[in-house]
Amino acid sequence: MKIGRIKIEEVGETYGIVSPDGKKIITKLDFQEQTGVPIPQTIKEFIVRGWINEVSKYISDIKFSNDIILEDLLAPIPDPPKIICLAFNYYDHARDAGLTPSNEPVIFIKPRTTLNHPFGVVRCPQFVQRLDYEAELAIVIGKDTKNIEPEKAAESIFGYTILHDVSARDIQFKDKQFTRGKGIDTFAPCGPWITTKEEINDPQNLQIITKVNGETRQNSSSSKMVISIDKIISSLSQIMTLESGDIISTGTPAGVAMSMKEPKYLKDGDIVEIMIENLGTIRNKITFV
């Protein structure tokens, strides 16, 4: 199942269930009218209260009543408790950076104000000189989790989405840490929706592609992660409570601009398109302001 947020002229901002082909959506109000089931007001409540099993009973009978206009899609979760990101969690990306990857998660946290819509504009301050892209598979946590073992970690997952970890490399290298260079408003486009874990047979074997103005820059697979998803969740849960609605972004593979012999950093007007197998595509225009 795909769960997404969208802005519809007649009803404003809402959420609903996306059709299997990603072209239509049934809003929570339409779902209630068709089935008589009063699903929660917000997508976060939907996740926390575990409505997937109940809603699944009606999927084959409902009519997806609204066409999706891509530009009207919103970030799937508007107010995640945390956005936790992993650094150098792909063997090829760490190799290109001249690093030996750690067997424990090296993390930083993006503020919620970095969240951007899947087809939103990335607004980069003029003072940034080296703007980079990073395609990442992101986990959406479905229930509060503490001290969980790897073999049970999947129980904590609600689903998966795409996160574009936009990065100001000049600030990152100057600070020698990640928060300021990756924490700028709009620097975390996310979406296009949440695909529930039941639809993803193997999250450790998904193709990841990034294109800039149509040129393929990243073409890899989640199979190249250093630390697997189950171990990421388990390890993080040992140090912090993972809460329903948290987003965990699992790192980026090789192909980012900073690792090129002649880096191709992002410029004003560039279009970055990220596709992850079975999750969809997000697309963002870069604007320097």
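The values are calculated or read from the model by the stated rules, or taken from the named source; none is laboratory data. Just so you know, these numbers come straight off a predicted model, no measurement behind them. Cβ placement follows ideal geometry from the backbone for every residue including glycine, while neighbour counts extend to all protein chains displayed.
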**Prompt:** Say we look at the stretch 133-158 and pick out the residues that are polar (S, T, N, Q) and surrounded by 15 or more Cβ atoms within 10 Å (Cβ to Cβ); which of these is farthest from Gly50 (Cα to Cα)?
**Reply:** Thr145
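Can you name the residue in the stretch 119-132 that is of a type outside the set (A, V, I, L, M, F, W, C) and touching a Ser or Thr at 6+ places or on another chain (Cβ under 8 Å) and, of all such residues, is surrounded by the most Cβ atoms within 10 Å (Cβ to Cβ)? First the steps, then the outcome.
Step one: of the stretch 119-132, the residues of a type outside the set (A, V, I, L, M, F, W, C) are 120, 123, 125-126, 129-130, 132.
Adding the requirement that they be touching a Ser or Thr at 6+ places or on another chain (Cβ under 8 Å) leaves 120, 123, 132.
Numbers: Gly120: 21, Arg123: 15, Asp132: 23.
Here the residue is Asp132.
Kindly indicate whether Lys211 is crowded, with 17+ Cβ neighbours inside 10 Å, among the charged types (D, E, K, R) and closer than 30 Å to Ile25 by Cα.
Values: crowded, with 17+ Cβ neighbours inside 10 Å: yes; among the charged types (D, E, K, R): yes; closer than 30 Å to Ile25 by Cα: yes.
Taking the combined requirement at face value, the residue satisfies it.
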**Request:** Answer yes if at least one residue in the stretch 254-276 is under 23 Å from Pro80 (Cβ atoms), in contact with an Asp or Glu (Cβ under 7 Å, 6 or more places away or on another chain) and buried (at least 22 other Cβ atoms within 10 Å of the Cβ), and no otherwise.
**Result:** no
**Asked** Given (1) polar (S, T, N, Q); (2) surrounded by 15 or more Cβ atoms within 10 Å (Cβ to Cβ); (3) over 30 Å from Gln129 (Cα atoms), where does Ser167 come up short, assuming only one miss?
**Response** (3)
**Message:** Which numbered condition in (1) more than 29 Å from Gln204 (Cβ to Cβ); (2) under 22 Å from the mean Cα position of the chain (by Cα) is the only one that Ile39 fails?
**Reply:** (2)
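Give me a count of the residues in the stretch 249-269 that are in contact (Cβ under 8 Å) with a residue 12 or more places away in the chain, aliphatic (A, V, I, L, M) and either outside the structural domain of Asn219 (by TED's automatic domain parsing) or more than 15 Å from Phe187 (Cα to Cα) (or both). Reasoning before the result, please.
Restricting attention to the stretch 249-269, the residues satisfying the condition of being in contact (Cβ under 8 Å) with a residue 12 or more places away in the chain are 249-259, 263-269.
Next cut, aliphatic (A, V, I, L, M) only: 254, 256-258, 266.
Keeping just the survivors that are either outside the structural domain of Asn219 (by TED's automatic domain parsing) or more than 15 Å from Phe187 (Cα to Cα) (or both) gives 254, 256-258.
Number satisfying all stated conditions: 4.
Is it true that Ile59 is among the hydrophobic types (A, V, I, L, M, F, W, C), touching a helix residue (DSSP H, G or I) at 6+ places or on another chain (Cβ under 9 Å), free of Cβ contacts under 8 Å to residues at least 60 places away in the same chain and not assigned by TED's automatic domain parsing to the domain that holds Thr252? Break it down stepwise before answering.
Values: among the hydrophobic types (A, V, I, L, M, F, W, C): yes; touching a helix residue (DSSP H, G or I) at 6+ places or on another chain (Cβ under 9 Å): no; free of Cβ contacts under 8 Å to residues at least 60 places away in the same chain: yes; not assigned by TED's automatic domain parsing to the domain that holds Thr252: yes.
So Ile59 fails the test.
Any residue in the stretch 125-142 that is part of a strand (DSSP E or B) and of a type in the set (Ser, Thr, Tyr)? Can you show your working first?
Residues of the stretch 125-142 that are part of a strand (DSSP E or B), as a first pass: 131-132, 135-141.
Still in the running and of a type in the set (Ser, Thr, Tyr): none.
So far as the stretch 125-142 goes, no, none of its residues is part of a strand (DSSP E or B) and of a type in the set (Ser, Thr, Tyr).
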**Message:** Here is a list: Thr145, Thr186, Thr179. Which entry is on the phi < 0 side of the Ramachandran plot, at pLDDT 95 or above and not basic (Lys, Arg)?
**Reply:** Thr145
**Prompt:** (1) on the phi > 0 side of the Ramachandran plot; (2) touching a strand residue (DSSP E or B) at 6+ places or on another chain (Cβ under 9 Å); (3) not hydrophobic (A, V, I, L, M, F, W, C): which one isn't true of Glu134, the others all being true?
**Reply:** (1)
